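Reviewing the structure listed below.
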Number of protein chains: 4
Amino acid sequence: MTELDVAQLQRRLTDFAEARAWEPYHTPKNLSAALSVEASELLEIFQWLTPEQSAAVMDDAGTAFRVTDEVADVLAYLLQFCAVLGIDPLAALAAKIDRNEARFPVPEGAEVTERHSSE
Amino acid sequence: MTELDVAQLQRRLTDFAEARAWEPYHTPKNLSAALSVEASELLEIFQWLTPEQSAAVMDDAGTAFRVTDEVADVLAYLLQFCAVLGIDPLAALAAKIDRNEARFPVPEGAEVTERHSSE
Amino acid sequence: MTELDVAQLQRRLTDFAEARAWEPYHTPKNLSAALSVEASELLEIFQWLTPEQSAAVMDDAGTAFRVTDEVADVLAYLLQFCAVLGIDPLAALAAKIDRNEARFPVPEGAEVTERHSSE
Amino acid sequence: MTELDVAQLQRRLTDFAEARAWEPYHTPKNLSAALSVEASELLEIFQWLTPEQSAAVMDDAGTAFRVTDEVADVLAYLLQFCAVLGIDPLAALAAKIDRNEARFPVPEGAEVTERHSSE
């Protein structure tokens, strides 16, 4: 259980990098580049799929492993980026959801509302 | 404390999307594209900075807010992607760190080791 | 006609950067980051669209302008990146197509063949 | 010479895709995703490099080949994206440079001016 704690994962990642003396590489700039590269590797799995095929990626064991592995890479660099800059990612997200709930009130009807480019 | 729990943040994000009937937009393909777009918006803040300038981004309140806000966006899409596909991101990362610790043993010396393109 | 020549566009971009003394920013690393950020801005326009909607983006004048503008940004950074490193992008692409034609022979039948993740 | 013409490269790419019946995959949305994935593959080469190392990537034959190959991939998807939507990429860039020259007048002095996040 504790193994799945964000702070502990962050500590394991930091220890991993420290043991290999990788701190000189782990500038915020480099980590943000690595994060975006890993996010693209996740996207690459989906780039030629139809919406329906994309919803079924977990049905194939090999693809499921690849997707899960890329999720891990994205999270790893996000947590390392946050560790280096002293950002609490969960608090950042909680605050953002608070702001979005204030900015985008729930519409009256139940129809699909047009999706904003970024909320 | 509970507010900062990953599962609860995931639930808040899912409720937020459901209340706006955004599920049709939230295919894994679209969410992976949105995740990579947000990661690039984070990178954009750093693209012209020197390594030294990038290490000091939190010193300016406006930039610190922008960085924290983009971190929240990246995490938001990562958690929504995982919710849609039934992936546990913390378990995925713990398993990946386990694999990496086995694959990349700690080197003997204390010098900087060459950073791998992706570990 | 000469205005649309790749070499001349590259010269205009180089002159533009030189006149503003931007060379210190234009390292290959920074230009590759900027290129990927601009490619993501293009993707952002499409991230929530269905395949059918994505095929019709040029029907709306405002969206058509935005798409064309992002294409220009991507090409601008690609040409500047190539100028800094002395790469001829058209020769690089011609050589790549030659290699791909050798690696991926045309299939006999006329059916849709499975798309490779990257060719 | 004609081999290096943009329009001819575009035709070769279109013929290549047609011969493999890949048109169903080549929606503008998918091509913009593929373009951004390729741009990230180029960035990946640079992500852990110092500015100085990044300026010297062409000194190593293997890295030079990899960089040139990724440039070709980025340009290939950009040209295919433009072919599908009927955009002239060189005209788009020429128009953008015209606009930027009007928007960002050359500064008087010769010092380095602060680089804008995006011009």
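Points worth noting:
- Alpha-carbon spread of segment D:6-99, three principal axes, descending order, Å: 40, 38, 23
- Dipole magnitude of segment C:6-99, debye to nearest 20 (Cβ charges: Lys/Arg +1, Asp/Glu -1, about Cα centre): 420 debye
- Chain D: most fluctuating residue of D:Asp73, D:Asp59, D:Asp88 per GNM, C-alpha cutoff 10 Å: D:Asp59
A short reminder: the numbers here are calculations on the coordinates, not readings from a lab. Fair warning: this is a prediction, and the values are worked out from it, not measured in the lab. Glycine also receives a Cβ, built like all others from the backbone with ideal geometry; neighbour counts cover every protein chain displayed.
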